[in-house]
Every structure is written in C-alpha cells, then in structure tokens.
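First up is the structure itself, then whatever we jot down about it.
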Amino acid sequence: MKNTVICAVAAGVLLLAGSCQEKEGTFVPVREIEKVYRSTSTVNESYNDATGQWDTVDYSSTPKTLVESWEWDEDLLEKIVLHGNEQAAGSEKTVFFTYNQDRISVVETTNERIEFTYSGSKLNKVDLYDKSVSTGTAYMTFSFRYDGGKISTIEVITSEAGKKGAVRPLQSRLMAMMQQTLAVPQRAVEQVAARADQRKASVSQVLKLKWIGNNVSSVETEDDYSRTKVEYTYDNQINPLRHFVFTICGIYGGEDIVFANQNNIVKAVTTYTLLDPEEPLEERSEEQYVYTYSGDWPMEKQQVKVYGSEDEGSRITMRTTLYYEYK
C-alpha cells in the first residue's frame, strides 16, 4: 500500500502541527526515536455449522523485526535506514533529511526527492520528484489552504510527465487501498479504472479536512463517481511526532491518513460510496489502535483491522504492532 520508498518510512506516523503558533516542518522532539520494530499476525475465523463453533486458523505472522533505524545530528534527524520487511530481503534503503533553519526542506533517497515549501509558519506546497526523469516536473504536488490557522483543503495534482511509468491519480490509489480493506464489488473497481483511464495526463483531486480542536476529525474526497471519507477518534495523549512533515505522502497509504494532530488516533472509520444512480454502493471498514505508553511516550502501537463479521459467518483479524525505542 506504500506508493514510494519515501512514503514507506515511519508507518503510523502523524505529521504536521495543529497549532498556528508553531512552525510546520520544525521536528525537534523532546525524546528522539532510535529504533522501530514491527510484528504482524493474521487470524482467519470461520463459523462451523456442524459444531456450532468458530474455527480459528493463524493464517500468517511475522516476529518482532527491526524495520527502521533513526540517526540524529544533535537535535535534528539526519537519516532513516529501512531494514527487514520494509524492503526486499537483503536490501536496505536510506532516507536523508536536509534542513533550512531547522525546518525540513528536502527528503530524498537514491531514486526520489521531496521538496517542502513554506509560507511563514505554514506548509505551502510539497513536490515529489522521480530522480530518474530529467524533465524537472514533479510527479505529485500537494498544495495547502488554511482556514483559521488550520489546513482546510489539500489539492493533489499527479502528472504523468514527472515519473517513469504510470502515476495513478488519487481516486484510483484510494480505490486500490479500499479493495484491500473493504468488500468492494468488481464492478466498482472496473468503473473506477475505466474512468481513470479517460483522464488527462495531469489530474487534480481535492481533500477536505474537518477539525475538532487540534485534531482532524475527517478527511473526504469526492469526484463525479465516488466518495471516500475517513473519520477519526483520538485519545488524550500527546502525539510525539508532530511537525514531521516528510510523511505527508503517506496520505495515500492504508495507515494513518490524517495528519496535523495534537493527539493519537484510536479509531479510523472509512466509508467508500460509489455514486452510481443505477446501483449505488456504500461500504465501511474500521481500524482500532491500541497504545502502550511510558509516561507521555508511546512504546507500542497496535493497529487492528477486522474484515467480515459474525453475521457473514467469517472474519479476518489483522494486527500490526510497532515498537519504539528512544535515545
């Protein structure tokens, strides 16, 4: 579900600042992450009519494995090395950070580059480049608008000219994510694909954000044939990774789509609606998050996804746990 190497880093990380008094892109945490580990498990349950019981199969699991090493130059994050099941076996990728007056200005790997542009204390634009393409055109651009000091909309423009190979526009990316989290009928998939193919080489999509206090309560995007909305619930613990703007492109992933929050997500409800007048469709999925804290700092974060239900006679429960070590 991760669309680029750069987007892959720090899965589950929340991104920007919710306060208008603070500079977005200034990531100087009180405690610095040093290592991130991950473990996963998938359990398949099916109802046995003969016995009247649920049969449980541990479908797959991975042990606790090192996936990220964070290296610091005094108070500033210098690089993140990706290990293990974040990358193909036997390979590592390194993500480097460049700063302008303590604000993240550039993030890059061997193949990709992200440039951040600010206006005053606010993030104004993010450009993603494929370094193998010589046109100098960004293959994806995020532009931000604010209302009352908080982000209200994000316009996302994808361009075929900026990347080697096809760049899927926002809605088809979201559709790919929804296929893995919801029981979306094949006809919906085919309609999205067909209409996406008819689009121009440059595609624009707008994300609308709503807030409750200093947390984003929902993110919604809609076009002429579908709508995707994610609604969030939070705990009252401080998010230790505010201002970490580089994972903005993670908005296309299946992890924490919302950013800019003061607190940590405990529930995310995704609703996909196919706006077909003849055969309308609405599907929902829910993700739960459970944290283990040491003081104000999360030491573990477990994401729980359940597909299916007792009424359907089968369900799959997927758990992904991240473990944090600090300096």
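Where strands (runs of 3 or more DSSP E) fall entirely within the range 212-327, those with at least 3 residues that are modelled with pLDDT under 90 and farther than 25 Å from Lys122 by Cα are at 226-238, 263-274, 281-294, 297-309, 314-326.
This table checks each residue for (1) surrounded by fewer than 20 Cβ atoms within 10 Å (Cβ to Cβ); (2) at pLDDT 90 or above.
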residue: Glu24; (1), (2): no, no
residue: Val36; (1), (2): no, yes
residue: Asn48; (1), (2): yes, no
residue: Val57; (1), (2): yes, no
residue: Ser69; (1), (2): yes, yes
residue: Leu77; (1), (2): no, yes
residue: Leu82; (1), (2): no, no
residue: Gln87; (1), (2): yes, no
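For (1) at pLDDT 80 or above; (2) of a type outside the set (Lys, Arg), each residue gets a yes or a no:
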{"site": "Val106", "(1), (2)": "yes, yes"}
{"site": "Phe116", "(1), (2)": "yes, yes"}
{"site": "Tyr129", "(1), (2)": "yes, yes"}
{"site": "Phe144", "(1), (2)": "yes, yes"}
{"site": "Val156", "(1), (2)": "yes, yes"}
{"site": "Lys163", "(1), (2)": "no, no"}
{"site": "Val167", "(1), (2)": "no, yes"}
{"site": "Ser172", "(1), (2)": "no, yes"}
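Filtering Val106, Val57 for residues that are of a type in the set (A, V, I, L, M, F, W, C) and more than 30 Å from Gly148 (Cβ to Cβ) leaves a single hit, Val57.
Listed by first and then second residue, the pairs linking a residue in the range 206-225 that is free of Cβ contacts under 8 Å to residues at least 40 places away in the same chain to a residue that is β-branched (Val, Ile, Thr) and surrounded by 17 or more Cβ atoms within 10 Å (Cβ to Cβ), with Cβ atoms under 6 Å apart and 6 or more places separating them unless they lie on different chains, are Val219/Val230; Val219/Ile257; Val219/Val258.
The values are calculated or read from the model by the stated rules, or taken from the named source; none is laboratory data. In this text, all values refer to a predicted model and were calculated from it rather than measured experimentally. Cβ coordinates were reconstructed from backbone atoms using ideal geometry, including for glycine residues, and neighbour counts include every protein chain displayed.
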